[in-house]
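Report on the structure given below.
The values are calculated or read from the model by the stated rules, or taken from the named source; none is laboratory data. Since this is a predicted model, take the numbers as computed values, not measurements. Neighbour counts are summed over all protein chains in view; Cβ atoms, including those assigned to glycine, are modelled from backbone coordinates with ideal geometry.
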Amino acid sequence: MTLKVCKFGGTSMADGNTMQAVKKIIDSDAKRKYVVVSAPGKRFNGDVKVTDLLYACYGELKEKGDCSQSFAKVRARFESIVKELNLSMDIKAVLDETQRRLNEEQSEDFTASRGEYLSARIMAELLGVKFIDGEDVVFFKEDGRLDGEKTYRAISQAVADGANAVFPGFYGRGADGKVKTFSRGGSDISGAVVARAVNASVYENWTDVSGFLACDPRIVDNPRRIKNLSYKELRELSYMGANVLHSESIFPVRKANIPIVIKNTFRPDDEGTSILPISQYTPDGTVVTGIAGKKNFTVILIEKNHMNNEIGFVRKVLSVLEREGVSVEHIPSGIDTMSVVVDSEEIQGYKLEQIIEGIKNEADPDVIRVMENVALIATVGHGMSSSIGTSARLFDAMARANVNAKMIDQGSSELNIIVGVKNEDCEKCISAIYHEFFG
Ligand code: ADP
Ligand code: ASP
Ligand code: MG
């Protein structure tokens, strides 16, 4: 039988009502055998996600060695969900045990993971299926990366009985034997991992929007839905800030060519977005597929006459960053200039000064300048390579919106154009590009 793995995000798990909507979706299709859930998210504007409540618990734990004050809020959220759903499970006992373990483990990752643990326990109870703990089936290697082989084997064994199951997203077990989480939004990765392990025919990612939209709906009202997205376009857009799907979530499914479908829990009949390997994908026919942006980058601009004749110049510059353990996002270059773009968080404090000094000493540039508070905006689409004048339209739209491009980088695959603008121009720039290409 073809299998579907369904991941439900925080808004889908926010309260008893939304969990009933989840149950309805699962019950409506027998292929939906495996469910991966996030911790309860916001119920209304201004509400706090359970994961954020849990990070606050860890703050209290660190300070006092105990987190009963902050944990009271988490407790109240889960008790009210179980009450709303009218479940007979002894949630009080589960919460007592959780609180005891929080105090015992004193670990940030363990604390943060309990939102998914508890919501999965409740969902398993609501659906009347078994709960498979992330601790027992998702494993990380010493270097912190997923141990795919071990994980896929453990998940296949755990589902070998053919019974339906619920998995908590977001965490597994580290090489040291302790609970370890993915980065924020990581339940999307867990869903992809389960889909790969059970060889699903599709990975359904259920959220609170009717698909991947051409840009962030918090920036432009009602952006166009993308019907079909290639894995490559997804990677570019999600990496550059379209966090409807975690940017790492494509890796497990890509190897097995498993399509991802983004669906809306609250409008389940809406078509959503299909994300497919390039060989199986039909483009929407637009020049641009989508636009995404991310703030807080630092650009180091380096000028030196005859730079391109100087063998090893780029290597000298990059070796300084390598030594400081800083990863490089982009390296746009001209004849006598190159820029290095890094995430500002990676070079906080003295590190930036050390890098500048290192480049001055080792590469002897004529000029070196630093530009901080830069946002990068990616305009992405396979259609761009075959369409003449795309960049002219893009820069024209930026000029009309009075946004100055501080940096430009066109990927060699012609899949994207990335521009650097001031942080405060980020939204304005995304909106201008969107309206240029989508009317
Ligand atoms: P979940 O809790 O279901 O994982 P997220 O909050 O992580 O949901 O992701 C869904 C949200 O992503 C949407 O509500 C939307 O505000 C935001 N978002 C940002 N960019 C996009 C985009 N390009 N398309 C759709 N949603 C986007
Ligand atoms: N609950 C976690 C977070 O808020 C993971 C997730 O929702 O995907 O980041
Ligand atoms: Mg998410």
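Take the conditions (1) in contact with a Leu (Cβ under 9 Å, 6 or more places away or on another chain); (2) within 16 Å of ligand 2 (Cβ to nearest atom); LEU85 misses just one of them, which is (2).
Taking segment 27-41 as the range and being crowded, with 24+ Cβ neighbours inside 10 Å and closer than 20 Å to ALA163 by Cβ as the test, the residues that pass are TYR34, VAL35, VAL36, VAL37.
Check whether at least one residue in segment 7-20 is near ligand 2 (Cβ under 10 Å from one of its atoms), aliphatic (A, V, I, L, M) and over 19 Å from SER210 (Cα atoms), and report yes or no. No - not one qualifying residue is present in segment 7-20. Scanning segment 261-290 for residues that are within 13 Å of ligand 1 (Cβ to nearest atom) and either modelled with pLDDT under 95 or assigned to a strand (DSSP E or B) (or both) gives ILE262, LYS263, ASN264, THR273, ILE275, GLY290. Would segment 103-116 turn up any residue that is polar (S, T, N, Q), away from ligand 1 (no atom under 16 Å from the Cβ), within 30 Å of ASP269 (Cβ to Cβ) and part of a helix (DSSP H, G or I)? Looking for residues that are polar (S, T, N, Q), away from ligand 1 (no atom under 16 Å from the Cβ), within 30 Å of ASP269 (Cβ to Cβ) and part of a helix (DSSP H, G or I), one finds none in segment 103-116, hence no. The lone criterion from (1) out of contact with any helix residue (DSSP H, G or I) (no Cβ under 7 Å at 6 or more places or on another chain); (2) assigned to a helix (DSSP H, G or I); (3) surrounded by fewer than 14 Cβ atoms within 10 Å (Cβ to Cβ); (4) not small (Gly, Ala, Ser) left unmet by PHE44 is number (2). Is there a residue being under 22 Å from LEU318 (Cβ atoms), touching a Phe, Trp or Tyr at 6+ places or on another chain (Cβ under 6 Å) and surrounded by 16 or more Cβ atoms within 10 Å (Cβ to Cβ) anywhere in segment 371-386? Yes, some residue in segment 371-386 is under 22 Å from LEU318 (Cβ atoms), touching a Phe, Trp or Tyr at 6+ places or on another chain (Cβ under 6 Å) and surrounded by 16 or more Cβ atoms within 10 Å (Cβ to Cβ).
Looking for something under 22 Å from VAL129 (Cα atoms) and of a type outside the set (D, E, K, R) - is there at least one such residue anywhere in segment 52-72? For segment 52-72, residues under 22 Å from VAL129 (Cα atoms) and of a type outside the set (D, E, K, R): absent. Residues in segment 228-253 that are among the charged types (D, E, K, R), more than 12 Å from the chain's Cα centre (by Cα) and away from ligand 1 (no atom under 12 Å from the Cβ): LYS232 only.
Taking the listed residues ILE300, ILE258, ILE275, ILE250, the one that is buried (at least 19 other Cβ atoms within 10 Å of the Cβ) and more than 30 Å from ARG224 (Cβ to Cβ) is ILE300, with no other qualifying. For ALA195, the conditions (1) part of a helix (DSSP H, G or I); (2) touching a Leu at 6+ places or on another chain (Cβ under 7 Å); (3) crowded, with 24+ Cβ neighbours inside 10 Å are fulfilled apart from (2).
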